[in-house]
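Below is one structure; the comments refer to it alone.
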């Protein structure tokens with residue numbers, strides 16, 4: 001340690017020392033014993049270096065220090081954000097309360113304590129506060145190739161936003177564009193068969209998008225088109241009626257309800273259903289269903305009850321009136337009922353489904369001009385009540401439900417017909433509106449779509465100077481994903497290990513070159529402070545499907561894996577001090593898709609996995625103290641791709657995985673527990689569902705959350721069920737299911753105690769690599785959607801960083817893609 005000239009100069013007159021730098025590395029303790037007044041105080045009690053607190057929450061911070069000379073100390077608290085209360089000090093201790101702000105800048109929140117002696121020698125300790133959202137912002141992004149308004153914007157399963165049609169300079173457009181949130185760029189999405197504006201676009205369960213109706217230069221259209229995720233356009237069966245300005249909604253049955261709108265002469269009174277075909281009846285068809293009670297042009301349709309019902313609000317009738325009632329379509333009975341929507345009739349409004357199940361109807365206009373009123377509609381109870389008024393009356397705006405449960409209102413036209421740049425947020429918890437970050441410029445008749453990552457993309461519309469090509473992105477500052485610097489080498493089936501230093505060690509995995517799998521020995525280190533990756537010496541043996549376990553010493557034990565045509569038996573040890581790999585012995589037989597669990601004793605239990613002959617039941621122990629391997633108890637069932645969780649008792653719970661039936665790889669329903677004191681395995685009650693390639697997470701309550709996976713052979717029969725294991729009772733309890741069926745995903749315990757489920761493979765008919773993510777709250781036992789990863793992927797890794805962010809790295813995606821992308825989640 002070096003103590004530099006400024007401190008020595010300060011003390012030189014009293015101590016007769018020469019100014020300069022003195023090296024205390026060898027004799028600091030002795031020197032301080034002789035000159036106690038010259039040495040800094042030493043902390044004897046400090047807060048944890050990282051503490052979790054939510055916005056506006058309070059931390060009580062306590063510390064104690066000792067002056068080498070025994071004199072009273074002076075304590076000074078400071079923070080870069082938030083507010084500090086009055087400190088309560090003694091000669092050797094201090095205590096203060098710090099209140100977190102509503103939000104913070106991306107630099108984070110810190111509280112620093114300085115302890116000073118009477119001569120000014122001082123020492124510091126800093127606490128990092130995590131859990132506070134970043135402040136919202138509005139960012140620019142790349143512009144459309146073609147300016148447009150009256151278009152549609154649809155989020156695809158790939159995370160890309162498809163923008164279709166619209167009009168510019170009075171002419172309907174046939175060009176479509178796709179926006180990549182990761183690249184923040186637009187690309188061609190092909191041309192529709194027919195130019196159209198005032199149409200609808202609905203993503204079907206298959207991922208294909210149905211585009212219906214609209215108008216072109218000849219008038220209202222009765223044609224429909226289909227576009228796939230790779231932007232291949234084909235004509236679809238035409239509906240019975242030409243219409244524009246209609247509404248369309250996807251039902252839980254997979255059918256699409258099309259209702260309202262107008263043709264070239266009048267408001268359309270009929271409603272139709274589009275059936276895309278299924279495994280029983282593969283032939284698509286349109287059918288006429290019961291007409292809505294009120295025929296309305298330019299209504300808004302809101303899906304409620306998970307697609308079981310559709311609420312249709314607002315619009316204008318044939319006589320030019322504005323209906324105050326709302327219509328409800330029931331998909332089970334294909335019938336309509338009405339809700340008396342209290343308040344004014346309206347058109348050019350927005351209607352948003354809240355997390356509570358109610359629908360928030362906002363703004364719009366009628367013959368009296370722009371409206372600031374809102375209505376809350378409870379479809380199940382058939383009740384509508386006035387809501388709190390908007391800060392600014394507007395119509396032609398957008399309303400988007402954020403991952404936080406708040407509703408973002410953007411732009412529109414104001415009372416004087418001016419294009420608005422203002423935005424506002426509705427908080428259902430408080431029932432209040434508040435302004436948020438404004439648009440760069442006013443716009444109306446634009447689109448707003450919630451991206452998988454949690455941000456909102458605003459596209460096109462009309463501004464003061466005419467039709468717009470510009471786009472903006474609203475960042476709510478919480479529950480969002482952001483790009484991190486990518487790996488040097490794309491990889492999947494790798495490992496990512498958080499080191500004691502806070503760095504992340506990413507090792508091995510596999511890649512593809514010309515459709516041939518290449519097994520990797522390369523290793524990279526992620527530095528959270530700078531966000532940089534750097535290469536470190538490679539593994540001695542290339543491998544994927546291995547394990548990497550952090551030892552108590554700080555080293556990393558890499559075991560097993562697969563390499564070309566054989567399973568790897570060589571074991572390696574990573575030394576973070578030298579960043580070198582050392583031999584760690586050898587397994588009797590190589591294996592992959594096993595588990596490795598560090599026990600309370602510091603030993604590592606390696607269980608099950610897949611050897612050359614198939615899944616195995618054998619287990620082995622590694623003792624870091626001796627560097628030796630030894631056999632231990634054999635599991636009751638051979639299994640691979642299972643989970644192993646260290647319980648509060650010190651025992652290990654193993655669940656699911658795949659069996660040894662050749663060529664089938666049947667998932668298992670069984671579970672068992674390893675007792676380190678007896679080195680024996682014993683069965684426990686079976687899971688409610690058979691599953692493999694799932695996750696298991698130890699909760700702060702001591703229970704284990706087992707989620708997702710596959711119930712058929714590897715990669716098929718994805719699950720959305722989850723269950724909890726209670727070690728005290730030895731029983732399983734099913735929890736509510738999450739939204740997306742998935743396997744080969746990640747599960748991360750957050751500082752809040754919630755569990756983040758990210759990415760994976762599954763969805764409709766197991767056809768999709770997933771972007772959507774979900775959160776499990778142990779306090780309520782409920783799942784809720786949260787922002788999705790920027791890059792849909794499976795077999796990635798997710799690592800909780802010291803300051804609370806989650807780093808997701810690598811994995812496999814569409815068209816055989818192996819990813820090098822990395823991204824960060826801010827809880």
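Where a number appears in this text, it was derived from the coordinates with a stated rule and is not lab data. These numbers were taken from a predicted model, which means no experiment stands behind them. Every residue, glycine as well, gets a Cβ built from its backbone with ideal geometry; the counts of neighbours run over all protein chains shown.
Numbers below:
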item: Scaled radius of gyration (Cα, divided by 2.2 N^0.38 Å) that the range 203-307 gives; result: 1.05
item: Sequence of 470, 530 once ranked by neighbouring C-beta atoms within 10 Å, starting from the fewest; result: 530, 470
item: Prolate/oblate/rounded label for the range 137-478 (Cα gyration tensor, a/c 1.5); result: rounded
item: Separation between Cα centres of the range 128-195 and the range 786-827, rounded to whole Å; result: 23
item: Projected-area average for the range 403-452 over all orientations - Cα convex hull basis, square nanometres; result: 4.1
item: Separation of alpha-carbon centers, the range 389-432 and the range 579-642, rounded to whole Å; result: 57
item: Efficiency of FRET from Cβ geometry, residue 540 and residue 185, R₀ 35 Å, rounded to 0.05; result: 0.30
item: Folded to 0 to 90 degrees: helix 5-15 orientation relative to the chain principal axis, Cα; result: 40
item: Kirkwood-Stokes translational diffusion coefficient of the range 559-675, alpha-carbon pairs, 10 °C, 1.306 mPa s, µm²/s; result: 108
item: Normalised per residue, the volume of the convex hull around the Cα set of the range 486-738 (Å³); result: 140
item: Highest to lowest packing among 482-490, 789-797, scored as the average C-beta count within 10 Å; result: 789-797, 482-490
item: FRET efficiency for residue 335 and residue 464, using Cβ-Cβ distance with R0 set to 41 Å, rounded to 0.05; result: 0.35
item: Answer label, with Rg/Rh (Cα atoms, Kirkwood Rh) calculated from the coordinates and candidates (1) 1.03; (2) 1.14; (3) 1.06; result: (1)
item: Rounded FRET efficiency, nearest 0.05, which uses the C-beta distance separating residue 814 from residue 88 and R0 of 45 Å; result: 0.15
item: The range 196-331 - percent relative contact order, Cα under 8 Å, separation 6 or more; result: 17
item: Cα gyration tensor shape of the range 635-696, rounded if a/c is under 1.5, else prolate or oblate by comparing a/b with b/c; result: prolate
item: Scattering curve values for the range 134-190, log₁₀ I(q)/I(0), Debye with Cα scatterers, q = 0.19, 0.29 Å⁻¹; result: -0.70, -1.21
item: Relative contact order for the chain, counting Cα pairs under 8 Å that sit 6 or more residues apart, in percent; result: 7
item: Of every Cα-Cα pair in the range 742-827, the percent that sits beyond 21 Å; result: 25
item: Difference of contour (0.36 nm per residue) and Cα-Cα distance, residue 43 to residue 278; result: 77.7 nm
item: Whole-number percent relative contact order across the range 486-738, with pairs defined as alpha carbons under 8 Å at least 6 apart; result: 9
item: Hydrodynamic radius of the range 312-373 per Kirkwood, over alpha carbon pairs, in Å; result: 12.5
